[in-house]
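Notes to accompany the following structure.
Just so it is clear, none of the values below were taken in a lab; they were calculated from the coordinates. Remember, it's a predicted structure, so these values are computed and weren't measured experimentally. FYI the Cβ positions are ideal-geometry reconstructions off the backbone, even for glycines, and counts take in every protein chain you see.
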Amino acid sequence: MQTSLIITAGGKSVRFWKDAPRDLKRLSRTVPSKLFLPLAGRPVLFRTLDAFRGMNEIREIVLVCPKEDRSWIRAFFRHYHEELPRLVAGGKTRSESVYRGLKETDPSCGRVLVHDGARPFVTAALVRRLLKAGRGSRAGALLARAVVPTLKQQSARGGWAVKTVDRRFLFEAETPQLVPRKLLLEAYRRVPQAFMATDESSLIEAAGEKMKLVSHTSWNPKITTAADFRIAEAFLLQSEGPLLRTGLGKDLHRLVAGRPLMLGGIRVPSERGALGHSDGDAVLHAVIDGLLGAAGLGDIGEWFSDRSKKYRGIASALMLNQVLEAVRSKGWSPYHVDCVISLEKPKLGKFKDRMRRKMAALLGLKADEVSVKAKTAEGLGRIGEGEAVACEALVSVRRRP
Ligand code: MG
């Protein structure tokens, strides 16, 4: 049976911003809610959606959000080239928001999954367990975790622990929750104060039905406070590795008469040019090797064999393009490049800025995110004698959102 997914993103993160440390609070003016903050490099909401993308069982995704935030959210998804779910204007409470989303779902989908936008750790495996459990249940199923701490009931007037609650039968309700579409719609019609329900299962209970409890031991917390956010971030940095990496690239080309001198993607007027299988651009080659190093993708020789006819005379800008694509598809994206060129003559002073701009354009960076420095070798060695040009580059990449 096909399933609709409703993601709730209706809140304004009031509790979250209230206790947030200054560095997070600073961001409160730039995003409509915590769901759009980068969590270890990837926005919370994108991480939440990741588990459901690519699940054949899910026909459609409806995102319920405040009406006034819709155009901002559309632009946000577009900016990161993420597929935009259907946006539906939410209501005053979570339950009212779910109801509005529900009315917009495809009636041919028999079941509805409801999931909190602020639970980014749900996995496809957990969702599939829930879907499977739901097949054997008339009123659907919910994900839940056994309560672990010792629970106390306090005296009627407060202040005294009068009883230890038997926790064997207690579970913490989580999402996703899976409900037959018709049953959920009917519950909204029949239950007075349906809009006050804090989750679907309490609404279904109020309508006299029982949902199946799918207990699990994975980690599927709801990010409510800034402390939750920090813990989630630490967890992800531990499991996914660091957000930034640096790669080092070096190259050297012999200089000969009768060849053009290409450096950093531009042609530099010179009596001698770089000998090479490609156009011999030592700067772009060093940058390419830096990129490959940062992304753990080998070196330029493995990518562009100098024995292959295909690459004879190839423009290094094309090589860079191809490598950049591979680096991006491995989840990395350059954000800074620094290179040092060693060349006796011509003097590069007046070409450095053009190189910077050219490389920035090739890498999709701003000009001030690329640095080009030039040195002579003071007449020493083969470079000093004008026999060769060399370049070293440090390329920094960050994890792509
Ligand atoms: Mg080379």
Neighbours of Trp219 by Cβ distance under 12 Å: Lys/Arg at +1, Asp/Glu at -1, summed charge +1
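Quick one: net charge of Thr3's neighbours, Cβ under 13 Å, K/R +1, D/E -1? Could you put the intermediate results ahead of the total?
Numbers: positive: Arg59, Arg111, Arg128, Lys132, Arg135, Arg181; negative: Glu57, Glu60, Asp106.
Within the 13 Å Cβ shell, the charges total +3.
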Once normalised by the length of the chain, the mean sequence separation of its alpha carbon contacts under 8 Å that are 6 or more apart gives a contact order in percent of 15
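Rounded to the nearest 5, what % of the DSSP beta bridges within segment 86-221 are antiparallel ones? Provide the component values of the computation, followed by the final result.
Numbers: 13 of 17 bridges.
Antiparallel bridges make up about 75 percent of those DSSP assigns within segment 86-221.
Please give me, ordered by residue number, the chymotrypsin sites (Phe, Trp or Tyr not before Pro) of segment 138-176 that lie in loop per DSSP and have at most 14 other Cβ atoms within 10 Å.
On the way: sites: Trp160, Phe169, Phe171; in loops: Trp160.
Answer in residue order: Trp160.
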Looking only at segment 159-202, which residues have a backbone nitrogen under 11 Å from a spot 7 Å from the Cα of Thr150 in the C-beta direction? 164-165
Percent antiparallel among DSSP beta bridges confined to the chain, nearest 5, equals 60
Going fewest to most other Cβ atoms within 10 Å around each Cβ, Phe235, Phe121 line up as Phe235, Phe121
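Using the membrane-span-like helix rule (whole DSSP H runs, Cα extent along the own axis of at least 15 Å, mean Kyte-Doolittle hydropathy at least 1.6), which helices of the chain qualify? Can you show the working numbers first?
Details: long enough: 124-135 (17 Å, 0.27); 226-240 (21 Å, 0.37); 282-295 (20 Å, 1.71); 316-329 (20 Å, 0.62); 352-363 (16 Å, -0.82).
Qualifying helices: 282-295.
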Alpha carbon centroid spacing (whole Å) that separates segment 109-130 from segment 328-401: 47
Based on other C-beta atoms within 10 Å, arrange Asp353, Asp23, Asp228 from fewest to most. Asp23, Asp353, Asp228
Quick check: from the Cα gyration tensor, does segment 256-347 come out rounded (a/c under 1.5), prolate or oblate? oblate
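Within 10 Å of each candidate Cβ there may be at most 12 other Cβ atoms; applying that plus a DSSP loop requirement, which GluC sites (Glu not before Pro) in segment 220-316 survive? Intermediate results must be reported in sequence, preceding the final value.
Working: sites: Glu233, Glu240, Glu271, Glu302; in loops: Glu271.
Loop-located and lightly packed - Glu271.
Please order His79, His216 by the number of other Cβ within 10 Å, starting at the fewest. Could the numbers behind the result be given before it?
Values: His79 9, His216 16.
Least crowded to most crowded, the residues run His79, His216.
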